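In what follows, a single structure is set out as structure tokens and then discussed.
The values are calculated or read from the model by the stated rules, or taken from the named source; none is laboratory data. Being a predicted model, the structure only gives us computed values, none of them experimental. Cβ atoms come from the backbone with ideal geometry, glycine included; neighbour counts cover every protein chain shown. Only protein heavy atoms, including side chains, enter the accessible area calculation; ligands, DNA and RNA are left aside. Shrake-Rupley method; radii C 1.70, N 1.55, O 1.52, S 1.80 Å.
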Amino acid sequence: MKLFIDTANINEIRELNDLGLIDGVTTNPSLILKSGRNIIEVIEEICSLVNGPVSAEVTATNYDDMIREASHLSKISANVCVKLPLTFDGLRVCKALTKNGYKTNLTLCFTVNQALLAAKAGATFVSPFVGRLDDISLNGMTVIREIRTIFDNYGFQTEILAASIRTVNHVKEAALNGADIVTAPSAILKELIRHPLTDKGLEIFLTDWEKTGQKIS
Ligand code: G3P
């Protein structure tokens, strides 16, 4: 399973990319706002750091303007994956971009039927928003599991990119339920490393080691 980082913050990307943990990056207009950067410049910088796909989202809502924005974004780098809202026009743009060999990520997916349409439009990725479904007392993981079943039943190649990940359990559950990719904020990805028993065990080992009076050299 691949791990993407969900941020437009260069320092966060650099830190985890240096560790070899990052297979790609996802951004959205809210994350661009948070970064305080110009979208073209920051996407260009991210693409120069990371080898995998970098999702950059269009902000237009009609077909012609989305196509125009997609063309600007995809010129930045071959890494760019055009992120499109899961709307009527978003699906039309997805179909057109797919035909011309561009990578797409259909975002704001909340139902299995929406994911099915994204796959039929040839999307590279579809992004079900797990956390936002949980926020309204629905079950984001059920949606992931059902999309997996349907994609496998019909051999759809679209990858399931579990998004809106809020907890380390979301990461585990998404993997168990067959997501191809999880995109998560830096804090969650770093939290995956930590366990209190790891910290406690290390402390005991180091205290005992000091008592041996030895050095490894
Ligand atoms: O990239 C989209 C997504 O991950 C948003 O997450 O936490 O704003 O629902 P969140």
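If the condition is being open to solvent by 70 Å² or more (accessible area, probe 1.4 Å), of a type outside the set (Val, Ile, Thr) and more than 16 Å from residue 85 (Cβ to Cβ), then segment 120-143 contributes 120, 135, 137, 138, 139. Would you check if residue 14 is away from the ligand (no atom under 16 Å from the Cβ), out of contact with any helix residue (DSSP H, G or I) (no Cβ under 9 Å at 6 or more places or on another chain), among the basic types (Lys, Arg) and over 17 Å from residue 161 (Cα atoms)? No; evaluated as a whole, the condition is false for this residue.
Checked against the criterion of being open to solvent by less than 10 Å² (accessible area, probe 1.4 Å), closer than 28 Å to residue 15 by Cβ, without any contact (Cβ under 8 Å) to a residue 40 or more places away in the chain and not charged (D, E, K, R), segment 107-119 contains not a single residue that satisfies it.
Return yes or no: is residue 93 open to solvent by less than 30 Å² (accessible area, probe 1.4 Å), in a helix (DSSP H, G or I) and within 29 Å of residue 190 (Cβ to Cβ)?
Numbers: open to solvent by less than 30 Å² (accessible area, probe 1.4 Å): yes; in a helix (DSSP H, G or I): yes; within 29 Å of residue 190 (Cβ to Cβ): no.
So residue 93 fails the test.
Inclusion of residue 146 among residues that are of a type in the set (D, E, K, R) and either closer than 17 Å to residue 114 by Cα or crowded, with 20+ Cβ neighbours inside 10 Å (or both) is warranted. Looking across segment 179-216, the residues that are open to solvent by less than 20 Å² (accessible area, probe 1.4 Å) and in contact with a helix residue (DSSP H, G or I) (Cβ under 8 Å, 6 or more places away or on another chain) come down to 179, 182, 184, 186, 189.
Filter segment 53-73 down to the residues that are within 15 Å of the ligand (Cβ to nearest atom) and open to solvent by less than 50 Å² (accessible area, probe 1.4 Å), then identify the one that is farthest from residue 12 (Cα to Cα). Walk me through it before giving the result.
Residues of segment 53-73 that are within 15 Å of the ligand (Cβ to nearest atom), as a first pass: 53-59.
Remaining after also requiring open to solvent by less than 50 Å² (accessible area, probe 1.4 Å): 53-58.
On the way: 53: 17, 54: 14, 55: 16, 56: 17, 57: 19, 58: 23 Å.
This residue is 58.
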